[in-house]
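Novice: Can you keep this structure in mind? I'll have questions shortly.
Derivation of every value follows stated rules applied to the coordinates shown; laboratory data play no part. Only a predicted model underlies this, so the values are computations on that prediction, with no experimental measurement involved. We place every Cβ from the backbone using ideal geometry, glycine too, and count neighbours over all the protein chains shown.
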Amino acid sequence: MRERWPVFLFAVVMAVIPFIPGMPPFWIVLLDNIGLSALVAMGLVLLTGVGGLTSFGQAAFCGFGAYTTAVLTTAYGVSPWLALPASLVVSGVAAVLLGLVTVRLSGHYLPLGTIAWGLGLFYLFSKLEFLGRNDGISAIPPLSIGSLKMIDPGTIYYAIWIAVLVSALLTMNLLDSRTGRAIRALRRGHVAAEAFGVQTPRTKLLVFIYAAVLAGLSGWLYAHFQRAANPTPFGALAGIEYLFVAVVGGAGYVWGGVLGAAIVVVLKEVLQSYLPMLLHGEGQLETIVFGILLVILLQFAPAGVWPWLVSRLPFKPARKQSDTSIALPPRERPTGTPNVLLEIDKARKQFGGVIAVNDVSFDVQAREIVALIGPNGAGKSTTFNLITGVLRVTGGSLAVLGKKIHNAAPQEIVRLGVSRTFQHVKLVPDMTVLENVAIGAHQRGAAGALSSMFRFDRADEAKLLAEAARQIERVGLADQIDQTAGSLSLGQQRIVEIARALCADPMLLLLDEPAAGLRHLEKQRLAALLRQLRDGGMSVLLVEHDMGFVMDLADRVVVLDFGTKIAEGTPEAIKTNPEVIKAYLGAVT
Amino acid sequence: MNSTILLFLIQDGITNGAIYALLGLALVLVFAVTRVILIPQGEFVTYGALTYASLASGQMPGTAKLAVAMGAVAFALDLFAARRAFHARKIARAFVVNIVLPSIVLALTIWAAGHRAPIPLAIVLSLIIVAMIGLYLYRLAFQPLAHTSVLVLLIASVGCHLAMQGLGLLFFGAEGQRGPTVADAALTAGPLRFTGQSLAVYGITIAFIVALWLFFGLTLYGKALRATAVNRLGARLVGIRTTLSGQIAFLLASVIGALSGILIVPITTLYYDTGFLIGLKGFIAAIIGGLVSYPLTAIAALMVGIVEAFSSFYASNYKEVIVFTLLIPVLLLRSLAAPATVEEEKD
């Protein structure tokens with residue numbers, strides 16, 4: 001926990017604040033509001049900033065939390081502390097139901113869907129009889145421990161900020177784990193994550209529930225802080241406001257949520273109390289100024305204030321070295337390995353009228369490097385996508401180790417021992433090389449979200465990181481291990497993809513144009529690495545346009561043209577094959 | 001229920017639906033071209049409606065002054081942007097668009113407000129004022145953010161909505177207003193009575209849809225907008241200025257919004273904050289249309305209007321709940337029909 005010392009420092013400062021002599025009680029109320037808002041924003045950071053799922057509906061989850069405790073404590077006389085789990089469960093269950101519908105939506109449907117049910121729920125809260133309609137529920141009992149009733153803002157302050165700090169720690173722990181990497185990979189599309197075993201729909205639902213439970217917690221605290229609940233703070237505008245709290249602070253950062261809450265709450269307060277005095281204006285002058293300031297702030301810091309602040313810190317947080325001596329158990333390899341690792345039999349893929357892959361058959365043997373070549377548009381990448389389950393075949397069959405893989409999902413293919421790289425690099429640019437590569441080992445770890453939050457995953461996590469570090473060293477990028485993937489050259493990013501694929505401990509490695517963008521020496525190093533892998537028992541299937549590289553390296557070459565296999569054989573035979581020459585250079589007339 | 005009520009509800013629904021259709025079209029247009037989800041669309045509606053109503057009753061609308069102020073800031077920004085490479089012609093053009101035009105309109109508005117302007121003049125002035133506000137809004141708020149993510153644009157959009165709604169209260173007060181009808185004639189067909197106003201709503205909606213269709217299909221600017229919508233980078237590479245596309249989109253959206261407002265203000269009383277809810281319903285239509293399809297958006301808008309009319313008759317308490325939750329089955333169907341395709345967030 002050494003790297004968490006700034007959090008503990010912050011906690012100490014927050015604990016001391018109410019004891020500062022002459023502290024205006026009103027400031028404590030503001031801090032309470034900041035804390036409540038920060039809790040919701042923290043959930044949004046995970047959901048929107050990190051996971052890429054924009055939600056306008058978080059205020060509705062606060063509503064679930066607040067109304068649950070309001071009804072239970074007023075109508076049924078339940079203790080607030082017993083109502084807490086109920087509040088969290090109700091928010092969580094609501095999130096599961098809404099999430100199952102919404103999380104499936106891709107792209108821009110998702111935020112729009114959340115606006116829709118956010119508004120719908122708001123109107124529902126304000127119409128239901130047992131929730132008190134527009135008046136809401138009042139006379140909610142305060143939180144109490146023994147005889148201490150948390151009525152004044154100074155005592156509930158501790159309940160709120162303990163909740164904020166604990167949530168922040170848990171969220172940071174979650175992000176810094178196997179599940180956290182899966183969440184962070186969501187924003188870059190799901191193809192790469194799924195290729196390494198991440199169950200993206202389940203991961204999306206998880207962050208959705210997580211954010212909702214944090215919002216529910218905030219709602220529960222709110223209800224006992226205000227001692228009343230009415231629909232207004234849970235409406236669409238509140239939902240939007242939480243989103244700007246997160247965006248202003250820095251939607252990609254846990255502490256961005258807290259900072260954003262502080263900025264927005266204080267700004268609104270200052271505007272509300274001083275603007276009318278300054279300008280003697282009437283009406284919603286503060287809203288006007290607030291709106292304009294928001295736009296200006298975004299124009300200056302589109303990524304939020306937190307990253308802007310952090311980049312100005314004089315020191316950089318250091319990562320502790322991973323211990324490369326701990327090892328993950330290797331994949332169970334079949335004894336007496338069958339000779340044929342991958343068998344493609346009359347695979348066919350049609351997109352409407354276009355036949356991208358036309359009854360192609362070939363196989364990859366154990367300890368063999370096979371190259372798949374052909375002019376642009378020959379169907380090479382489509383074949384890769386068929387093998388790895390990204391696309392479904394229209395006809396024919398594929399088998400790995402003699403086992404038919406009938407349109408299996410990408411997550412199952414990688415479990416069978418086939419891992420891949422992509423023609424267009426699919427790394428998460430703001431994650432380090434180490435973290436990106438560790439995604440490759442996702443399906444070799446087991447720690448779930450809960451154990452990660454409470455740090456019971458450290459043994460598992462250390463093994464994954466050690467494996468990642470080892471593969472990075474193997475491909476020769478040890479010096480770049482802590483740099484962000486986006487800062488590397490395109491050639492190096494391709495090598496990072498290879499390290500990530502190796503992390504899955506594959507028997508068959510599929511490489512889509514691995515040498516593109518590499519310099520001569522780098523290509524030689526890559527060829528040497530691939531030979532070494534083959535000699536170690538791995539098979540490689542690669543698509544490549546650099547003929548010198550392919551002909552030097554491959555044991556066997558398969559040539560595609562317009563989706564059809566036109567030749568197969570040793571590099572020497574392919575070089576002189578008239579069909580191949582015709583496909584590449586045109587017919588000699 | 002009898003058939004008269006049924007027909008009446010459908011008629012009411014179609015009238016409202018036509019307005020939602022116009023707004024939905026504008027939202028789709030702006031989103032496709034600039035990636036901005038235009039929350040302030042509702043403010044264009046109220047500004048248009050209340051400017052028209054104020055002018056018709058001989059009051060001076062504050063929106064004309066707002067246009068002058070926004071134009072001045074826009075010109076200042078243009079000057080600042082041109083500090084390195086000074087082109088006299090560009091500056092002159094910016095001066096005309098940002099300073100001269102709003103000043104002339106302000107002068108005209110002051111005159112019109114003093115003389116109880118005839119209805120056509122009031123309509124034209126309201127349209128021009130809101131159009132200018134739309135144009136400057138793009139210049140001030142969104143052009144500097146054009147490269148950022150949809151999320152940031154959205155938050156900026158909410159900021160604009162807050163500011164403009166607050167200004168609306170300042171200009172028009174908290175009381176609602178109604179404007180004079182555009183056409184007084186009425187037509188009776190069986191049990192139904194078509195007022196001239198509702199006929200105008202239908203006519204103008206259809207005319208606008210046809211006009212947009214012609215604009216996008218036949219004119220060079222229309223094609224440039226479509227190109228920008230499909231691929232911004234590609235459009236820039238072939239020489240389309242994406243800034244210009246954004247300006248045109250905002251201009252069209254603000255004119256459509258103002259027009260919708262002018263059309264409904266004789267039928268219902270509008271308050272400074274009514275636009276938001278009306279805009280949201282246009283929004284629902286746009287979402288059902290997937291934010292890309294114009295015809296689907298128009299049909300969806302009619303559906304929203306009809307559902308709203310029926311639910312306000314049978315369960316008026318739950319009217320909004322029904323309208324907004326209508327979306328969820330639609331979204332569900334959409335996501336089942338088209339499984340999530342690969343979408344990568346571009347930086």
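Novice: Cα-based Rg of the range A:108-231 per 2.2 N^0.38 Å, rounded to two decimals?
Specialist: 1.38
Novice: Taking amide hydrogens as modeled 1.01 Å from N in the peptide plane, which residues meet the under 5 Å criterion relative to residue A:567, leaving out close sequence neighbours?
Specialist: Excluding prolines and chain starts, which carry no amide H, the hits are A:559.
Novice: In terms of modelled amide H atoms, which long-range or inter-chain residues lie less than 5 Å from the amide H of residue A:359?
Specialist: A:348, A:349
Novice: Per-residue HN-Hα couplings for the range A:478-486, Karplus 6.51 cos²θ - 1.76 cosθ + 1.60 at θ = phi - 60°, whole Hz, x for Gly and Pro?
Specialist: Using θ = phi - 60°, the values come out as 4, 5, 9, 4, 9, 7, 6, 4, x Hz.
Novice: Among A:408, A:577, B:79, whose Cα lies farthest out toward the positive end of the dipole of the protein assembly as shown, if unit charges sit on the beta carbon of Lys, Arg (+1) and Asp, Glu (-1)?
Specialist: Of the candidates, A:577 comes out farthest on the positive side.
Novice: So what's the angle, to the nearest 10 degrees on a 0 to 90 scale, between helix A:285-300 and the longest Cα principal axis of chain A?
Specialist: It is inclined by approximately 30 degrees.
Novice: Show that you can apply the helix-only estimate: for chain B, add -39,500 (n - 2.57) for every DSSP H stretch of four or more residues, divide by all residues, and state [θ] at 222 nm to the nearest 500.
Specialist: -24000 deg cm²/dmol
Novice: What's the center-to-center distance, using Cα atoms, between the range B:74-97 and the range A:1-74 in Å?
Specialist: Each part reduced to its Cα centre gives a spacing of 46 Å.
Novice: Let me ask you something else. In deg cm²/dmol and to the nearest 500, what is the mean residue ellipticity at 222 nm of chain A if only DSSP H runs of at least 4 residues count, each as -39500 (n - 2.57), divided by the residue total? Can you show the working numbers first?
Specialist: Details: 23 runs with 312 residues, N = 589.
Only helices count here, giving -17000 deg cm²/dmol.
Novice: Give me A:248, A:354 sorted ascending by neighbouring Cβ count inside 10 Å, so fewest comes first. Write down the numbers at each step before the final one.
Specialist: Details: A:248 28, A:354 10.
The most exposed by this proxy come first: A:354, A:248.
Novice: Mind listing the phi-derived Karplus ³J(HN,Hα) values for the range A:572-581, rounded to whole Hz, using 6.51, -1.76 and 1.60 with θ = phi - 60°, and x for any glycine or proline?
Specialist: Rounded to whole hertz, the list is 4, 5, 5, 4, 9, 5, x, 4, 5, 4.
Novice: Here's a follow-up. If the viscosity is 1.306 mPa s and the temperature 10 °C, what Stokes-Einstein diffusion coefficient in µm²/s follows for chain A when Rh is the Kirkwood radius over Cα pairs?
Specialist: 59
Novice: Quick one: which of A:403/A:426; A:404/A:426; A:380/A:403; A:404/A:575; A:463/A:523; B:65/B:223 span more than 26 angstrom between C-alpha atoms? Kindly include the intermediate steps, with their values, before the conclusion.
Specialist: Numbers: A:403/A:426 29 Å; A:404/A:426 28 Å; A:380/A:403 23 Å; A:404/A:575 33 Å; A:463/A:523 30 Å; B:65/B:223 34 Å.
Where the Cα-Cα span goes over 26 Å, the pairs concerned are A:403/A:426; A:404/A:426; A:404/A:575; A:463/A:523; B:65/B:223.
Novice: Which residue fluctuates most in the GNM of chain B (Cα springs below 10 Å): B:19, B:104, B:288?
Specialist: Maximum fluctuation in the GNM of chain B, among the listed residues, is at B:104.
Novice: Sequence gap at least 6, Cα distance under 8 Å: using those rules, report the relative contact order of chain B to the nearest whole percent.
Specialist: Result for chain B is 38 percent.
Novice: Mean Kyte-Doolittle of at least 0.5 and a Cα length of 18 Å or more along the axis: which whole DSSP H helices of chain B meet both?
Specialist: On the way: long enough: B:3-34 (45 Å, 1.81); B:41-56 (23 Å, 0.46); B:63-81 (26 Å, 1.65); B:101-114 (20 Å, 1.83); B:119-137 (27 Å, 2.70); B:150-172 (32 Å, 2.11); B:196-218 (32 Å, 1.85); B:242-264 (33 Å, 1.78); B:274-288 (22 Å, 1.93); B:294-314 (30 Å, 1.40).
Qualifying helices: B:3-34, B:63-81, B:101-114, B:119-137, B:150-172, B:196-218, B:242-264, B:274-288, B:294-314.
Novice: Once both axes come from the Cα atoms, what is the angle between helix A:5-16 and the longest principal axis of chain A, in degrees from 0 to 90, rounded to 10?
Specialist: Around 10 degrees separate the two axes.
Novice: A further question follows. Pick out, from A:72, A:211, A:153, the residue whose Cα sits farthest towards the positive end of the charge dipole of the range A:34-236, with +1 on the Cβ of Lys and Arg and -1 on the Cβ of Asp and Glu.
Specialist: Result: A:211, furthest along the dipole toward the positive end.
Novice: Let me ask you something else. How much of the calculated P(r) for the range A:432-500 lies past 21 Å, in percent of all Cα pairs?
Specialist: Details: 614 of 2346 pairs.
Counting pairs separated by more than 21 Å, the tail of P(r) holds 26 percent.
Novice: Could you list A:420, A:188, A:227 so that the one with the fewest beta carbons within 10 Å of its beta carbon is first and the one with the most is last?
Specialist: The most exposed by this proxy come first: A:227, A:188, A:420.
Novice: Give the relative contact order (percent, whole number) for the range A:34-236; include only Cα pairs under 8 Å separated by 6+ residues.
Specialist: Worked out over the range A:34-236, it gives 46 percent.
Novice: Same structure, new question: Please list the non-local residues whose amide H lies under 5 Å from the amide H of residue A:250, H modeled 1.01 Å from N, same-chain partners needing a gap of 5 or more.
Specialist: Correct list: A:305, A:306.
Novice: With a Förster radius of 30 Å, plug the Cβ-Cβ distance of residue A:4 and residue A:149 into 1/(1 + (r/R0)^6) and report the FRET value to the nearest 0.05. The partial results should precede the final answer.
Specialist: Values: r = 33 Å, r/R0 = 1.08.
Between residue A:4 and residue A:149 the formula returns 0.40.
Novice: With everything on Cα atoms, drop me the angle between helix A:236-249 and the longest principal axis of chain A, reported from 0 to 90° to the nearest 10.
Specialist: Taking the Cα atoms of chain A, the angle to A:236-249 is about 70 degrees.
Novice: Nothing charged except the Cβ atoms of Lys and Arg (+1) and of Asp and Glu (-1): what's the magnitude of the dipole of chain A about its Cα centre? Round to the nearest 20 debye. Write down the numbers at each step before the final one.
Specialist: Values: 49 positive and 42 negative charges, 117 e Å.
I would put it at about 560 debye.
Novice: Turning to a different aspect of this structure: Using the Kirkwood formula over every pair of different C-alpha atoms, what hydrodynamic radius in Å results for the range B:3-328? List each step's numbers first, then the result.
Specialist: Details: mean 1/r = 0.0493 Å⁻¹.
Across the range B:3-328, the inverse of the average 1/r is 20.3 Å.
Novice: Once each part is reduced to its C-alpha centroid, what is the distance from the range B:204-283 to the range A:183-221 in angstrom?
Specialist: So the separation of the two Cα centres works out to 35 Å.
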